[in-house]
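Colleague: My questions will all concern the structure given below.
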């Protein structure tokens, strides 16, 4: 069974502050993929990153960075120097590999980030 | 860019009505999905289609059916809408079984009164 936990329901930060969104997962699969999606007020989920379980290297993309730690089953997401446009709901998700059946994305419940100007 | 469109952004229906939610993707993706999003519950899979005329139940299929007559179009049907089906409905598509990213539409916020 797969489970993704995002314990932070809502976070508010002041613009230019750094913020970390936590994601903890549970899976019995030895190989899997992890994802982060952003859902702005417009409603459409936007894909941000995919990470496979073989690769624990951290990744940086502009102001975004991701910290994958298999030992603690965590895949945390940090936004540096936050901006108002970062305000959104962020979802962490997991899918097993190789794929069988639907290979659905198992989503966490999301973290609503509000960046205050 | 992948484009997934949904027929309506907002929809208000009455209890007992038959409701059709349409989703179209323009990238020749094999797989399509319907999710329901509720506060505190995240996204839950209703149905999945891996090819034309093929479908599989997701986690919460009760009260819903789907239709995929053409590759680009995936319809979600509420046979007899009920108030507990008031929710945000999100459609997604994926290239195929060996790809992993799903691309989402803008969602349809359905209210059943």
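The values are calculated or read from the model by the stated rules, or taken from the named source; none is laboratory data. As the structure is a computational prediction, the values presented were derived from the model and not from experiment. Don't worry about glycine lacking a Cβ; one is built from the backbone with ideal geometry, like all the others, and counts go over all protein chains shown.
Colleague: Being over 12 Å from the mean Cα position of the chain (by Cα), modelled with pLDDT under 95 and either surrounded by 18 or more Cβ atoms within 10 Å (Cβ to Cβ) or more than 26 Å from residue B:47 (Cβ to Cβ) (or both) narrows it down to one residue among A:67, A:58; which is it? Spell out how you get there, then give the answer.
Modeller: Details: A:67 fails: over 12 Å from the mean Cα position of the chain (by Cα).
Checking each option against the conditions leaves just A:58.
Colleague: Could you tell me which numbered condition residue A:5 fails, if it satisfies all but one of (1) under 14 Å from the mean Cα position of the chain (by Cα); (2) surrounded by fewer than 17 Cβ atoms within 10 Å (Cβ to Cβ); (3) under 20 Å from residue A:80 (Cα atoms)?
Modeller: Exception for residue A:5: condition (3).
Colleague: Could you say which residue among A:95, A:78, A:109 is assigned to a loop (DSSP other than H, G, I, E, B) and either surrounded by 13 or more Cβ atoms within 10 Å (Cβ to Cβ) or within 14 Å of chain B (Cβ to nearest Cβ) (or both)?
Modeller: On the way: A:95 fails: assigned to a loop (DSSP other than H, G, I, E, B); A:78 fails: assigned to a loop (DSSP other than H, G, I, E, B).
It is A:109.
Colleague: Do any strands (runs of 3 or more DSSP E) entirely within segment A:1-54 hold 1 or more residues that are away from chain B (no Cβ under 13 Å), and if so, which?
Modeller: On the way: elements: A:3-5, A:10-14, A:19-21, A:24-26, A:32-39, A:46-52.
By residue number, A:10-14, A:19-21, A:24-26.
A quick yes/no check of all residues on (1) in a strand (DSSP E or B); (2) touching a helix residue (DSSP H, G or I) at 6+ places or on another chain (Cβ under 6 Å); (3) crowded, with 18+ Cβ neighbours inside 10 Å:
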site	(1), (2), (3)
B:29	no, no, yes
B:37	yes, no, yes
B:47	yes, no, yes
B:61	no, no, no
